[in-house]
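*Asks:* Could you have a look at this structure, given as structure tokens, before my questions?
The values are calculated or read from the model by the stated rules, or taken from the named source; none is laboratory data. Small disclaimer: the values here were computed from a predicted structure and weren't measured. With ideal geometry, Cβ positions are generated from the backbone for all residues, glycine too; neighbour counts draw on all protein chains shown. In case anyone asks, the SASA skips ligands and DNA or RNA and just uses the protein heavy atoms, side chains included. Shrake-Rupley method; radii C 1.70, N 1.55, O 1.52, S 1.80 Å.
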Amino acid sequence: MTTDKDNLRTKIQAAIQSQKRPTVTVLSSLLAIQDSIGYIPEEAIEEVAVNSNTSINSVFGVASFYPNFRFTPPGEHSVEVCWGPTCHLKGATEVLESVLEKLGLDSEGDTDDGKVSFRFNTCLGACSQAPVISVDHELYGNAKPDIIPNLLGSLHEKENHHQ
Amino acid sequence: MKYEEITSQATAEWADMTSGRVPLIRIGTAMCGHAAGAFRVVKALRKCLESKGIEANIQEVGCLGLCYAEPLLDIKKEGKSRLFFNNVTPEEVEYIVDEYLLKEGYPKEKVFGYIGEEGPVSGEDSLEMLPGLKLQHRIALRNAGHTSPYDINQYIANGGYSGLYKALTEMSPSEVIDEVKNSGLRGRGGAAFPTGVKWSFLVGSPGPTKYILCNCEEGDPGAYNDKGILESDPHTLLEGLAIAGYATGASNGIVFIRHGHDGPIERTEKAIEQAYDLGLIGNNILGTDFSFDIEVALTGESYVAGEETALMEAVEGKRAMPRFRPPFPAAFGVWGKPSNINNVKSLSYAPEIISKGADWFSSIGVNQSTGTAIVCLSGDVNRPGLYEVPMGLTLGEVIDDLGGGVTDNAQLKLLQTGGPLGGVLGPDSKDIHIDFDEMRSAGAIFGSGGIIVGSDKVCAVDLTRILVAFCQFESCGKCFPCRLGMEHLLEIVERISNCDSKPGDMDLMKSIGGTMEAGSLCGHGQLGFGPIRSAITHFEEDFRLHIEENRCPTGSCDRLKIVPKNTRPYATDHIAGE
Ligand SMILES: Cc1cc2nc3c(=O)[nH]c(=O)nc-3n(C[C@H](O)[C@H](O)[C@H](O)COP(=O)(O)O)c2cc1C
Ligand code: SF4
Ligand code: FES
Ligand code: FES
């Protein structure tokens with residue numbers, strides 16, 4: 001009988017093996033795993049270390065360096081608020097307040113029901129539409145605080161469609 | 001296939017597509033269009049055309065640069081000019097389709113302007129007369145908004161790969177380098193180092209494996225021109241990379257893009273695939289004995305990964321921490337092989353420089369800043385955009401003529417240029433020219449082209465706090481002046497912003513800044529004091545009010561202040577077992 005742990009390892013190995021870009025590294029493998037299962041469990045660190053013929057320590061060194069990696073399963077939905085200077089000038093703080101209130105959070109993290117993961121983004125790359133937020137990887141520009149309740153309101157019921 | 005066969009097929013396809021025989025609908029879906037809702041418009045459009053049984057050719061394209069008008073829809077019908085519709089919402093799609101495609105009428109409520117030799121469709125103005133297009137001189141972005149990034153033939157039909165063909169068939173590698181040197185092209189990644197000179201460093205390095213790395217980390221908030229090129233016209237970069245490869249005798253190109261920037265990644269990879277299929281990259285390009293491979297590599301989120309030696313570490317899959325120099329990249333680069341690093345924009349100019357010549361390129365621009373500036377104009381301006389303009393325009397022309405002035409008729413208070421390591425300028429900076437050297441002597445830099453405009457509702461202390469928080473968040477931690485200095489600076493700026501400063505804080509900041517400048521390993525720490533220094537020079541009064549009168553002149557500092565903190569476990573102790 002296969003356990004959940006075995007399953008996880010199978011998925012991790014599949015993610016490592018399925019990389020299409022010619023250059024495979026510790027970083028590219030970690031990114032592929034996070035894309036596939038949404039986070040970097042301990043098993044992933046171990047598998048990447050074996051696959052890249054390096055130590056667990058150095059793989060964790062890489063994973064802990066880049067803030068886009070997370071080490072616990074993510075919520076079904078992702079919300080990101082840009083805190084870059086343009087967005088800041090254009091009212092990102094008010095948008096942030098509205099998002100935190102709607103999600104019941106104080107700062108970055110996951111909602112109590114585990115459905116939504118919230119984080120900051122240093123620049124979502126659409127500064128000319130500031131302030132910008134991202135919901136399940138869809139960008140919303142000119143995001144005024146009053147659109148937030150509607151935009152995020154349905155997330156708790158919504159199917160996850162971003163994977 | 002022979003080059004002539006490739007071009008004649010592409011030209012025929014292009015002529016047919018742009019005849020409008022089947023209505024051609026173009027819509028900008030780069031990140032900026034995406035944020036403005038372009039994908040929702042495309043979805044509504046497909047649904048609407050299908051339900052009404054209308055045949056049309058929908059092409060997702062990149063940026064004309066008029067961000068303020070996105071989503072921008074462009075319909076070309078047979079015998080008519082291209083008709084543009086601005087700020088289209090999914091709800092408005094049906095009106096436009098009904099009026100213009102179904103009833104052969106004129107959806108005048110939504111018309112923005114026309115482009116085309118056929119003249120106005122029904123009395124509307126030419127889009128090319130708008131300052132946002134008239135003032136542009138598009139070289140790297142020449143095809144942006146016109147051709148699909150997903151179709152190599154559209155690039156080829158517009159002269160694409162003719163620069164590479166010319167280089168391979170008519171020029172020696174050293175002639176290519178001389179052409180780039182003579183064009184005066186300087187790197188657009190921040191340091192403005194002459195590109196041709198940099199290429200020449202790689203020539204003498206031993207092969208056979210040598211790399212040209214293209215830097216599209218673009219972690220600077222406020223800059224989106226590199227991503228804009230990749231999303232609009234990735235082939236101009238690929239062609240430029242191949243030209244650089246030929247000139248320097250390199251064997252491989254790597255385009256380095258940040259994970260999560262899906263549009264640029266997807267479009268670049270698709271472009272690479274198509275270029276391989278036509279033999280424009282790969283073995284024996286266009287039947288010559290030049291071979292060159294190109295691939296995409298991703299980095300995790302790290303601003304410092306854009307620093308050239310940190311980039312090489314990240315390509316190797318490690319933490320993006322800068323290396324000590326020497327050895328320099330041309331001697332010991334990625335995987336120890338000779339390497340050259342260029343920004344996306346720098347490389348994207350190469351095809352046109354080779355096609356049209358060094359003299360043509362150097363005739364554009366001013367002084368030692370030849371060619372164009374690709375400006376990302378954002379913030380408190382009426383017409384934010386992605387504008388490619390000749391070097392030498394003044395900042396005032398950029399803000400007022402291109403940008404349509406400050407929003408809500410407010411006064412201009414500040415400009416933040418050159419990214420988070422750049423500087424902050426005051427309202428008296430309108431006469432400064434976009435010229436690498438003039439901007440540097442003004443205490444700012446042009447950097448990679450971001451210009452963020454702040455009105456008089458902006459508090460300079462508050463903005464400085466965000467810039468310093470960014471620099472602290474992104475410090476890689478390798479060297480202590482930057483790692484500790486940034487943290488200390490942030491602490492001080494935060495307490496000034498909280499009207500809770502301590503006596504001597506201003507001097508303390510200067511002293512920490514001096515240490516960082518003198519003792520940091522890379523540009524991040526060496527330049528990281530720049531924003532504070534320029535802010536306290538130009539906005540002393542804002543700082544004084546917080547410190548002496550315990551108040552923020554605009555109320556900005558009274559709002560919620562949460563920023564993400566750098567939580568990187570610092571190098572050595574964490575991987576102590578190594
Ligand atoms: C902290 C830091 C971040 C940088 N980020 C970028 C970047 O995102 N893109 C870029 O092209 N250059 C960046 N640079 C500059 C590069 O080190 C390098 O100078 C540049 O890519 C060279 O290209 P160029 O000669 O074409 O300008 C950065 C430099 C520093 C110090
Ligand atoms: S200056 Fe800062 S970013 Fe650069 S190596 Fe040192 S700690 Fe890292
Ligand atoms: S600063 Fe927010 S999208 Fe760039
Ligand atoms: S139109 Fe592409 S960046 Fe705005």
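*Asks:* Carbon and sulfur together cover what percent of the accessible area of segment B:461-570 at a 1.4 Å probe radius?
*Replies:* Roughly 50 percent, rounded to a whole number.
*Asks:* Another question, then. Given Cα pairs under 8 Å that are at least 6 residues apart, what percent is the relative contact order of segment B:461-570? Don't skip to the answer; put the middle values down first.
*Replies:* Working: 119 pairs, mean separation 40.8, N = 110.
Relative CO of segment B:461-570 lands at 37 percent.
*Asks:* Please compute the modelled spin-label separation between residue A:18 and residue B:284, points set 7 Å along Cα→Cβ, answer in nm with one decimal.
*Replies:* For residue B:284 paired with residue A:18, the spin-label model returns 3.7 nm.
*Asks:* Report the accessible area of residue B:534, computed with a 1.4 Å probe over the heavy atoms of all protein chains in place, in Å² rounded to the nearest 10.
*Replies:* That residue has around 10 Å² of solvent-accessible surface.
*Asks:* Just name one of A:16, A:49, A:64: the one whose Cα is farthest towards the positive end of the charge dipole of segment A:4-65 (beta-carbon charges, Lys/Arg +1, Asp/Glu -1).
*Replies:* Most positive-ward Cα: A:16.
*Asks:* Interface size between chain B and chain A, please: total buried accessible area, 1.4 Å probe, rounded to the nearest 100 Å².
*Replies:* 4800 Å²
*Asks:* Let me ask something else about it. Relative contact order of chain B: what whole-number percent is it, with Cα pairs under 8 angstrom and at least 6 residues apart?
*Replies:* For chain B, the relative contact order is 12 percent.
*Asks:* Express in % the proportion of alpha carbon pairs of segment B:171-245 at distances exceeding 16 Å.
*Replies:* Here the long-distance tail beyond 16 Å is 58 percent of all Cα pairs in segment B:171-245.
*Asks:* Per the 1.4 Å probe, what fraction of the accessible area of segment B:244-355, in percent, lies on carbon and sulfur atoms?
*Replies:* Accessible surface attributable to carbon and sulfur in segment B:244-355 totals 51 percent.
*Asks:* Related question: Could you work out Rg/(2.2 N^0.38 Å) for segment B:283-331, with Rg from alpha carbons only?
*Replies:* In units of the 2.2 N^0.38 Å rule of thumb, it is 1.51.
*Asks:* Here is a further query. How big is D for the protein assembly as shown, in µm² s⁻¹ as a whole number, if Stokes-Einstein is applied with the Kirkwood radius of its Cα pairs at 10 °C and 1.306 mPa s?
*Replies:* Working: Rh = 26.6 Å.
Stokes-Einstein gives a translational diffusion coefficient of 60 µm²/s.
*Asks:* Tell me whether segment B:3-130 comes out rounded, prolate or oblate; compute the Cα gyration tensor, take square roots of the eigenvalues as a ≥ b ≥ c, and use a/c under 1.5 as the rounded threshold. Don't jump to the answer; show the numbers that get you there.
*Replies:* On the way: a/c = 1.31, a/b = 1.27, b/c = 1.03.
The shape class here is rounded.
*Asks:* With the contact rule set at Cα under 8 Å and sequence spacing of 6 or more, what percent relative contact order holds for segment B:1-152?
*Replies:* Rounded, it is 25 percent for segment B:1-152.
*Asks:* Enumerate the calculated ³J(HN,Hα) couplings along segment B:312-319 in order (Karplus 6.51 cos²θ - 1.76 cosθ + 1.60, θ = phi - 60°), each rounded to whole Hz, writing x wherever the residue is Gly or Pro.
*Replies:* Going residue by residue, I get 5, 4, 5, 4, 6, x, 9, 5 Hz, with x marking Gly and Pro.
*Asks:* Now a separate question. Can you list the residues of segment A:117-144 that have at least 40 square angstrom less accessible area with all protein chains present than in their chain by itself, probe 1.4 Å?
*Replies:* In segment A:117-144, residues shielded by partner chains: A:120, A:122, A:123, A:125, A:127, A:128, A:129, A:138, A:139.
*Asks:* Hey, another quick one. What angle, in degrees between 0 and 90 and rounded to the nearest 10, separates the Cα long axis of helix A:56-65 from the longest principal axis of the Cα atoms of chain A?
*Replies:* Helix A:56-65 sits roughly 10 degrees off the main axis of chain A.
*Asks:* Can you list which of the GluC sites (Glu not before Pro) found in segment B:20-89 are DSSP loop residues with at most 13 other C-beta atoms within 10 Å? Mind dumping the intermediate values first?
*Replies:* Values: sites: B:50, B:55, B:60, B:78; in loops: B:55, B:78.
Here the GluC sites (Glu not before Pro) that fit, given the DSSP loop and packing criteria, are B:55, B:78.
*Asks:* So for the pair residue A:101, residue B:291, with labels modelled 7 Å out along Cα→Cβ, what separation do we get in nm?
*Replies:* In this crude spin-label approximation the distance works out to 6.4 nm.
*Asks:* When you count, for each residue, the other Cβ atoms within 10 Å and take the mean per peptide, how do B:96-107, B:134-145 rank with the highest first? Before the final figure, lay out each step's value.
*Replies:* Values: B:96-107: 16.2, B:134-145: 21.8.
Order by mean packing, descending: B:134-145, B:96-107.
*Asks:* Suppose every K and R has +1 on its Cβ and every D and E has -1 on its Cβ; what is the size of the dipole of segment A:4-65 about the Cα centre, in Debye to the nearest 20?
*Replies:* Dipole about the Cα centre, nearest 20: 260 debye.
*Asks:* Counting helices only, and only those DSSP H runs with n ≥ 4, report the 222 nm mean residue ellipticity of chain B as the sum of -39,500 (n - 2.57) divided by its residues, in deg cm²/dmol to the nearest 500.
*Replies:* Rounded to the nearest 500, the figure is -11500 deg cm²/dmol.
*Asks:* Taking only protein heavy atoms into account and a 1.4 Å probe, give the accessible area per residue of segment A:68-161 in Å².
*Replies:* Details: 3670 Å² over 94 residues.
Value for segment A:68-161: 39 Å² per residue.
*Asks:* Taking Cα centroids, how far is segment B:124-151 from segment A:40-79 in Å?
*Replies:* 43 Å
*Asks:* Starting from a Cα-only point model with no solvent, please compute log10 I(q)/I(0) by Debye for segment B:372-455 at q = 0.12, 0.14, 0.18, 0.22 1/Å.
*Replies:* -0.27, -0.37, -0.62, -0.97
*Asks:* For segment A:77-156, what is the convex hull volume of the alpha-carbon atoms per residue, in Å³?
*Replies:* 71 Å³
*Asks:* Within a Cβ distance under 12 Å of residue B:366, other residues only, what is the Lys/Arg minus Asp/Glu net charge?
*Replies:* -3
*Asks:* What is the mean number of Cβ atoms from other protein chains located within 10 Å of the Cβ atom of each residue in peptide B:219-230, rounded to a whole number?
*Replies:* 4
*Asks:* What residues from segment B:1-30 fall in the zone where the backbone N is under 16 Å from a label point 7 Å along the Cα-to-C-beta line of residue B:118?
*Replies:* Of the residues in segment B:1-30, B:15-26 have backbone N under 16 Å from the label point off residue B:118.
*Asks:* Share of segment A:77-156's accessible area from carbon and sulfur, percent, 1.4 Å? If you can, show how the numbers build up before the last one.
*Replies:* Details: 1200 of 2680 Å².
The computed percentage sits at 45.
*Asks:* Now for a separate question. Rg to Rh for segment A:4-65: what is it, with Cα atoms only and Rh by Kirkwood?
*Replies:* Here the Rg-to-Rh quotient is 0.92.
*Asks:* Further question on the same structure: Keeping every protein chain in place, order B:562, B:354 by accessible area at 1.4 Å, biggest value first, i.e. largest first.
*Replies:* Working: B:562 40, B:354 0 Å².
The ranking, largest first, comes out as B:562, B:354.
*Asks:* Connecting C-alpha atoms closer than 10 Å in a GNM of chain A, tell me which of A:54, A:111, A:23 has the biggest fluctuation.
*Replies:* Per the Cα network of chain A with a 10 Å cutoff, A:23 tops the list.
*Asks:* I would also like to ask the following. Relative to the present Cα-Cα distance, how much length would full extension add between residue B:150 and residue B:277 at 0.36 nm per residue of separation? Display every interim value, and only then the final one.
*Replies:* Working: separation 127, 0.36 × 127 = 45.72 nm, distance 1.35 nm.
Computed gain between residue B:150 and residue B:277 is 44.4 nm.
*Asks:* How charged is the neighbourhood of residue B:529? Take every other residue with its Cβ under 13 Å from the Cβ of residue B:529, and add Lys/Arg as +1 and Asp/Glu as -1.
*Replies:* Residues close to residue B:529 contribute a combined charge of +1.
*Asks:* With charges only on Cβ, +1 for K and R and -1 for D and E, what is the dipole size of segment B:461-570 about its Cα centre, in debye, rounded to 20?
*Replies:* Values: 13 positive and 15 negative charges, 93 e Å.
Using Cβ point charges on Lys, Arg, Asp and Glu, segment B:461-570 gives about 440 debye.
*Asks:* Probe of 1.4 angstrom, ligands and nucleic acids ignored: what's the accessible area per residue over segment B:461-570, in square angstrom?
*Replies:* Working: 4440 Å² over 110 residues.
Result: 40 Å² per residue.
*Asks:* Work out the FRET efficiency for residue B:565 and residue B:47 from their Cβ-Cβ distance, taking R0 = 35 Å, and round it to the nearest 0.05.
*Replies:* For residue B:565 and residue B:47, the calculated efficiency is 0.20.
*Asks:* Average partner chain C-beta neighbours within 10 Å, per residue of B:315-322?
*Replies:* Rounded to a whole number, the mean comes out at 6.
*Asks:* On to the next question. Could you tell me which of rounded, prolate or oblate describes segment B:461-570, using a ≥ b ≥ c as the square roots of the eigenvalues of the alpha-carbon gyration tensor, with rounded for a/c under 1.5 and, failing that, prolate when a/b is larger than b/c and oblate otherwise?
*Replies:* It comes out prolate by the Cα gyration axes.
*Asks:* Quote the accessible area belonging to residue B:89 in square angstrom, nearest 10, computed with a 1.4 Å probe and with ligands, DNA and RNA left uncounted.
*Replies:* 50 Å²
*Asks:* Per residue of A:86-98, how many C-beta atoms from partner chains lie within 10 Å of its own C-beta, taken as a mean?
*Replies:* 6
*Asks:* Is there a quick way to get the dipole size of the protein assembly as shown? I mean about its Cα centre, with the Cβ of Lys and Arg at +1 and of Asp and Glu at -1; what is the value in debye to the nearest 20? Can you show the working numbers first?
*Replies:* On the way: 65 positive and 100 negative charges, 196 e Å.
Value, rounded to 20: 940 debye.
*Asks:* Let me ask you something else. How many times 2.2 N^0.38 Å is the alpha carbon radius of gyration of chain A? Write down the numbers at each step before the final one.
*Replies:* On the way: Rg = 17.7 Å, N = 163, 2.2 N^0.38 = 15.2 Å.
Scaled against compact globular proteins, the figure is 1.16.
*Asks:* Mind running the shape call on segment B:311-368? Use the C-alpha gyration tensor, a ≥ b ≥ c as the square roots of the eigenvalues: rounded below 1.5 for a/c, prolate if a/b tops b/c, oblate otherwise.
*Replies:* Note, shape of segment B:311-368 comes out prolate.
*Asks:* Check each of the GluC sites (Glu not before Pro) in segment A:57-115 and keep only those in coil by DSSP with at most 16 other C-beta atoms within 10 angstrom; list them in order.
*Replies:* Filter output for segment A:57-115: A:108.
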